[in-house]
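Note sheet for the following structure.
The values are calculated or read from the model by the stated rules, or taken from the named source; none is laboratory data. If you're wondering where the values come from, they're calculated on a predicted model, not measured in any experiment. Cβ atoms come from the backbone with ideal geometry, glycine included; neighbour counts cover every protein chain shown.
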Ligand code: ATP
Ligand code: MG
Ligand code: MG
Ligand code: MG
């Protein structure tokens, strides 16, 4: 992409309405535009990052055996009357009437709709396990939308729903999503810690929130320092092996970790002082087993091996990709701007032509841009005639991991400067060496 042809509306001033760094940087880097309270347009840079986040989520959902569908945003109130939630949900639900005066709503979540799909087609335990997910916009009329896309009213969610014959099956399905989430967040370059979360009237211990530690997080969390040195299983993890997956879940649920609602003072006090991490956290994902809460009232049943009908045992598994983008920035930035982890960076590298119009600079930059693009990299080519200072500030602000800087002096010697955004390290290398290194 040539920067001169791109749409990157950088803001020079710090937007006054932005209280936290990710919101400020997303506005300044031209990633989002607020359209009304808690409702945003994604501009090209923001959309590119969101796309990378969604791709990682999809790959890991698919690897764990979930199957993608796409349900609509607008739902009929009748489905929610079947589960009893139409009246319970309260003001967070945006209720709409169509021209025939029928009650509709903009979905805040999809348990009812996916249960309806399931009951319409699946009859036998032989078709289980089944996990259906989609990545779709949700609307929740939050009391206090704030912090940009961190707490929006219209926001993107990946929500998966598992269906099993019994609790044992549901537990295995829960474990698969648990491990998929470990891999998902680690691939995005983040440390997300699974913490015991409230199960409400459902009870049991199958509810975990995946939390990123950050000062601006809205929840207080308590966890063991051991999490900092643990890493997610590799891509060769076998999701068809229930025992292997359960073993990983055991390992990740052994050190203490709880949100404030679930906090256990006695267990906490028993930990050595040096192991106690009491911090603020951002909920980026949440997995939850709720058994027959929807299948029972909505009649989602399968025939079991005993020939009898059983309401299916279910769980739901959410990630907020738009919130994730902001959370990554909270965890990875400096005073000059965003520092994208490689896996979610909107571009793999920038080629910065310091003197467009100068024949040697143009030739070197075009060569880098052309060959690195041909090698499959997503390259942002700064061919604008802005000042050196403006260019450096822009590329630092938008956080591209590597900058290749083609200036007249270096190019005359056949070299470009390579700058690593995260470490700030700079080195000179020949143009061919740069192509060989990154291409
Ligand atoms: P919160 O506690 O922050 O209000 P929640 O517990 O209500 O979130 P869930 O119903 O568990 O959210 O939804 C699954 C995921 O969707 C959350 O873990 C989060 O990543 C995302 N999410 C929820 N609400 C919002 C929102 N208002 N804006 C952006 N993302 C959200
Ligand atoms: Mg909420
Ligand atoms: Mg929550
Ligand atoms: Mg939650």
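Descriptive notes on the structure:
- Taken together, 30, 107 contain a single residue that is closer than 30 Å to residue 356 by Cα, more than 16 Å from ligand 3 (Cβ to nearest atom) and crowded, with 19+ Cβ neighbours inside 10 Å, which is 30.
- Being in contact with a strand residue (DSSP E or B) (Cβ under 7 Å, 6 or more places away or on another chain), at pLDDT 95 or above and not in a helix (DSSP H, G or I) holds for only one residue in 70, 50, and it is 70.
Yes/no per residue for (1) in contact with a helix residue (DSSP H, G or I) (Cβ under 6 Å, 6 or more places away or on another chain); (2) under 25 Å from residue 64 (Cβ atoms); (3) within 13 Å of ligand 1 (Cβ to nearest atom):
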| residue | (1), (2), (3) |
| --- | --- |
| 193 | yes, yes, no |
| 244 | no, yes, no |
| 260 | no, no, yes |
| 273 | no, no, no |
| 276 | no, no, no |
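- Residue within segment 392-406 that is more than 21 Å from residue 25 (Cα to Cα), touching a strand residue (DSSP E or B) at 6+ places or on another chain (Cβ under 8 Å) and in a loop (DSSP other than H, G, I, E, B) present: no
- Residue 323 vs. criteria away from ligand 1 (no atom under 16 Å from the Cβ) and closer than 30 Å to residue 220 by Cα: no
- For segment 223-264, a residue qualifies if it is within 16 Å of ligand 3 (Cβ to nearest atom) and free of Cβ contacts under 8 Å to residues at least 60 places away in the same chain, and the qualifying residues are 260, 263.
- Failed item in (1) surrounded by fewer than 24 Cβ atoms within 10 Å (Cβ to Cβ); (2) within 16 Å of ligand 4 (Cβ to nearest atom), with residue 136 passing the rest: (2)
- Selection from segment 148-170 of residues that are out of contact with any strand residue (DSSP E or B) (no Cβ under 7 Å at 6 or more places or on another chain) and more than 16 Å from ligand 4 (Cβ to nearest atom): 168
- Selected residue (only one of 320, 217 is surrounded by 13 or more Cβ atoms within 10 Å (Cβ to Cβ), within 16 Å of ligand 4 (Cβ to nearest atom), in contact (Cβ under 8 Å) with a residue 40 or more places away in the chain and within 28 Å of residue 130 (Cα to Cα)): 320
- Lone unmet requirement of (1) over 26 Å from residue 151 (Cβ atoms); (2) surrounded by 18 or more Cβ atoms within 10 Å (Cβ to Cβ); (3) out of contact with any helix residue (DSSP H, G or I) (no Cβ under 6 Å at 6 or more places or on another chain) for residue 120: (2)
- Residue count for segment 140-163, restricted to those that are under 21 Å from residue 288 (Cβ atoms), over 17 Å from the mean Cα position of the chain (by Cα) and surrounded by fewer than 24 Cβ atoms within 10 Å (Cβ to Cβ): 2.
- Checklist (1) assigned to a loop (DSSP other than H, G, I, E, B); (2) crowded, with 17+ Cβ neighbours inside 10 Å; (3) more than 28 Å from the chain's Cα centre (by Cα) applied to residue 302, failing item: (1)
- For residue 250: the one exception among (1) within 12 Å of residue 193 (Cα to Cα); (2) away from ligand 1 (no atom under 16 Å from the Cβ): (1)
- If the condition is being under 18 Å from the mean Cα position of the chain (by Cα), outside any loop (DSSP other than H, G, I, E, B) and under 19 Å from residue 154 (Cα atoms), then segment 1-38 contributes 22, 23, 26, 32.
- All positions within segment 213-223 that are within 16 Å of ligand 2 (Cβ to nearest atom) and either outside any strand (DSSP E or B) or under 19 Å from residue 179 (Cα atoms) (or both): 217, 218
- Residue 198 part of a loop (DSSP other than H, G, I, E, B), surrounded by fewer than 24 Cβ atoms within 10 Å (Cβ to Cβ) and within 15 Å of ligand 4 (Cβ to nearest atom): yes
- Residues that are touching a residue at least 24 places away in the same chain (Cβ under 8 Å), within 16 Å of ligand 2 (Cβ to nearest atom), in a strand (DSSP E or B) and crowded, with 18+ Cβ neighbours inside 10 Å do not occur anywhere in segment 73-82.
- Positions within segment 252-289 being within 16 Å of ligand 2 (Cβ to nearest atom), under 19 Å from residue 201 (Cα atoms) and assigned to a strand (DSSP E or B), in sequence order: 259, 286, 287, 288
- Segment 407-439, residues that are assigned to a strand (DSSP E or B) and either in contact with a helix residue (DSSP H, G or I) (Cβ under 8 Å, 6 or more places away or on another chain) or at pLDDT below 95 (or both): 415, 416, 417, 418, 428, 429
- Figure legend. Inter-residue proximity from segment 410-430: first residues free of Cβ contacts under 8 Å to residues at least 12 places away in the same chain, second residues buried (at least 17 other Cβ atoms within 10 Å of the Cβ), beta-carbon distance below 8 Å, spacing 6+ or different chains. Indicated pairs: 425/419; 426/417; 426/418; 426/419; 427/417; 427/418.
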